[in-house]
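Heads up: the structure comes next, in structure tokens.
The values are calculated or read from the model by the stated rules, or taken from the named source; none is laboratory data. Bear in mind the structure is a predicted one, so any value in this text is a computation, not a measurement. Virtual Cβ from ideal backbone geometry, glycine too; neighbours counted across all protein chains shown. Note: areas computed on protein heavy atoms with side chains; ligands, DNA, RNA excluded. Shrake-Rupley method; radii C 1.70, N 1.55, O 1.52, S 1.80 Å.
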Amino acid sequence: MPGRSKPHGPSCAKRQRQLAAQHAWTTRQTALAIHECCGVTALRAYRLAHGLTLREAAKRLREQAEKVRPSALRPDDEQLRLWELGSHKPRPGAVELLCWLYECGPEDLQLAHKQDRLPARFRTAPLTAPGAAATAEFTAGQQVALFLDSIEMVRRQVDRSLATSSVSTDQLDMLDDRILWARQQYVYTPPVPMLQVLSQHLQEVKDLAADRQPAMVQARLSGMTALLSTLVADALMKLGNLPHARAWYDTARNAADDSGDVELRARVRAQAAMLPYYYGPLTAAVRLAHEAKLICRGRATATGSFAAAAEARARAQQGDRAGAQAAIHYAQELFAQCTPGAEDDAFAFPERRFLLYLSGAYTALGQTAQARRMQAQAAELYPARTGIDPALLTLEAAICLAQEQSPSEACDLAGATYLKVPTAHRTRIIEQRARQVIGVLPPGVRRSRAVRQLEEILALPPGQG
């Protein structure tokens, strides 16, 4: 920005946002325009692109830090201002919060740290040999760091191939069979080893789509990409790698739209609503679920019911009682008319998962009797070999106890449930849900012995307890 003595004022950024609205720019395009025109840092440009004041942005960062990890840094207005000026550099944990707020990656904010200063979850390392992640005695965070950056490179290559893209029907059928197997394994396999399996399948799909294929072939490849990318995003979400998960959900939606499959377009959006449901902002969860419901156009399908149930629990968490109840009734009507699909498929919506979503909605609404009924019915439907859903159900039962003014019982149940989850499945999403038990308790109760014991359990290093 040569020849510019000082940055432009807020009015210039406002004009850029007006242009963005007129021309349907993305947030990234808007931030780049502000960065180049106004002469501000990339970090400030992203805040201005979102139309936030320093105070509003800092408040949201503090609220998210409290929600995800109460002991984390909670920046004030002055700290954020210094980061934006470039006179102070935020630590990696703060960078992750900033990426959450502005829905981008650290490189977009020009805050990517040098490799030797990054925490494990951001370090670059090559993919391990098949099975190595499952046998190495590492924590989940250390294992996923071995290939997080490599899989991110695959994602970017997938995006490029979608923009530029002969394969035989037999090749596609065999690849479909392998992807179906991965979908079945995903139901009960921990996220770290699944990420490597999914990465290998994505690499194969990307290689086939390196050149633009005939329309029917390209549509199938795009559909496969959407399915695999959604599972990658879900695994990263469970592990708490939120910026990477968000990016993979974006790729999944891009691929689903490219496939032309209406059902898949809706399903990917309903799945993507889980990330803002668990980590915020809830407005995004409602928007994605509602969009998925609209795409289904009222058809009595499992995806339509899934979208409505996802919208119901997000609206309930928002406090929108009327909207949540309407979405619950709509989801129940659709589910009663549809075929849920196989129970051993991550992309099916069987009854047990439907009940899990209703449990979340009723729990957030404070309707504990209905929530417990959903929890009991769902618990009977889960097989012995499964993932984290039964634990999530039990944690919702603990939230119900907290709502009923039984803090000791609530905290005891949450702590016992957390410790029973196998180490490989005991990821950040379980910790975050357990912390919600504390969050619903009255402030005066949060200093009790039971709460302190639960916080000590949740603070244990992975693999202990």
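Do we have residue 31 as surrounded by 19 or more Cβ atoms within 10 Å (Cβ to Cβ) and either modelled with pLDDT of 85 or more or among the basic types (Lys, Arg) (or both) here? The answer is yes for residue 31.
Scanning segment 217-273 for residues that are of a type in the set (D, E, K, R) and under 29 Å from residue 93 (Cα atoms) yields 234, 238, 246, 250, 253, 269.
Please enumerate the residues belonging to segment 432-457 that are open to solvent by 60 Å² or more (accessible area, probe 1.4 Å) and among the basic types (Lys, Arg).
Keep residues of segment 432-457 that are open to solvent by 60 Å² or more (accessible area, probe 1.4 Å), which gives 440, 443, 446-447, 449, 452-453, 455-456.
Residues satisfying the conditions are 446, 447, 449, 452.
Taking every residue in segment 277-298 that is among the charged types (D, E, K, R) and pairing it with any residue that is modelled with pLDDT of 95 or more and open to solvent by 10 Å² or more (accessible area, probe 1.4 Å), at least 6 positions away or on another chain, the pairs with Cβ-Cβ distances below 7 Å are 291/269.
For every residue, the table says whether it meets (1) buried (at least 18 other Cβ atoms within 10 Å of the Cβ); (2) in contact with a Ser or Thr (Cβ under 8 Å, 6 or more places away or on another chain); (3) of a type in the set (S, T, N, Q); (4) within 17 Å of residue 251 (Cβ to Cβ).
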residue	(1), (2), (3), (4)
185	no, no, yes, no
198	yes, no, no, yes
206	yes, yes, no, yes
225	yes, yes, yes, yes
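Of the residues making up segment 298-312, those that are under 13 Å from residue 357 (Cβ atoms) and among the charged types (D, E, K, R) number 1.
Within the set of pairs 6 or more residues apart or between chains, which connect a residue that is modelled with pLDDT of 90 or more inside segment 175-197 to a residue that is basic (Lys, Arg) with Cβ atoms less than 7 Å apart? So the pair list comes out as 188/385; 191/238. Taken across segment 275-285, residues that are in a loop (DSSP other than H, G, I, E, B) and hydrophobic (A, V, I, L, M, F, W, C) do not occur at all.
Looking only at segment 55-86, residues that are among the aliphatic types (A, V, I, L, M), open to solvent by 40 Å² or more (accessible area, probe 1.4 Å) and modelled with pLDDT of 80 or more come to 1 in all. Against the condition of a type in the set (A, V, I, L, M), within 24 Å of the chain's Cα centre (by Cα) and surrounded by 22 or more Cβ atoms within 10 Å (Cβ to Cβ), how does residue 348 come out, does it pass? Taking the combined requirement at face value, the residue does not satisfy it.
The residues of segment 404-431 that are of a type outside the set (A, V, I, L, M), buried (at least 18 other Cβ atoms within 10 Å of the Cβ) and either in contact with a strand residue (DSSP E or B) (Cβ under 8 Å, 6 or more places away or on another chain) or closer than 22 Å to residue 358 by Cα (or both), listed by number, are 417, 418, 431.
Which members of segment 38-50 meet the condition of being touching a helix residue (DSSP H, G or I) at 6+ places or on another chain (Cβ under 6 Å) and open to solvent by 30 Å² or more (accessible area, probe 1.4 Å)? Quick ask: steps written out before the conclusion?
Restricting attention to segment 38-50, the residues satisfying the condition of being touching a helix residue (DSSP H, G or I) at 6+ places or on another chain (Cβ under 6 Å) are 38, 41-49.
Listed by number, the residues that qualify are 41, 44.
Count of segment 202-242 residues, restricted to those that are under 18 Å from the mean Cα position of the chain (by Cα) and not in a helix (DSSP H, G or I), is 2.
When 360, 366 are checked against the criterion of being of a type outside the set (Asp, Glu) and closer than 24 Å to residue 239 by Cβ, 360 stands alone in meeting it. Residue 199 falls short on exactly one of the conditions (1) among the polar types (S, T, N, Q); (2) within 25 Å of residue 422 (Cα to Cα); (3) part of a loop (DSSP other than H, G, I, E, B), and that condition is (3).
Go over the candidates 178, 253 one by one and state the one that is closer than 19 Å to residue 268 by Cα, among the charged types (D, E, K, R) and assigned to a helix (DSSP H, G or I). Spell out the reasoning first.
Values: 178 fails: closer than 19 Å to residue 268 by Cα.
Just one listed residue meets the conditions, 253.
Which of the residues that make up segment 366-403 are open to solvent by less than 40 Å² (accessible area, probe 1.4 Å), aliphatic (A, V, I, L, M), in a helix (DSSP H, G or I) and more than 21 Å from residue 445 (Cβ to Cβ)? Scanning segment 366-403 gives 374, 378, 391, 392, 393. Within segment 289-309, one or more residues are at pLDDT 95 or above, of a type in the set (A, V, I, L, M, F, W, C), part of a helix (DSSP H, G or I) and touching a Leu at 6+ places or on another chain (Cβ under 8 Å).
Within segment 87-135, the residues that satisfy the criterion of being surrounded by fewer than 18 Cβ atoms within 10 Å (Cβ to Cβ) and modelled with pLDDT of 80 or more are 88, 89, 91, 105, 107, 110. Here residue 289 qualifies as under 26 Å from residue 246 (Cα atoms) and small (Gly, Ala, Ser).
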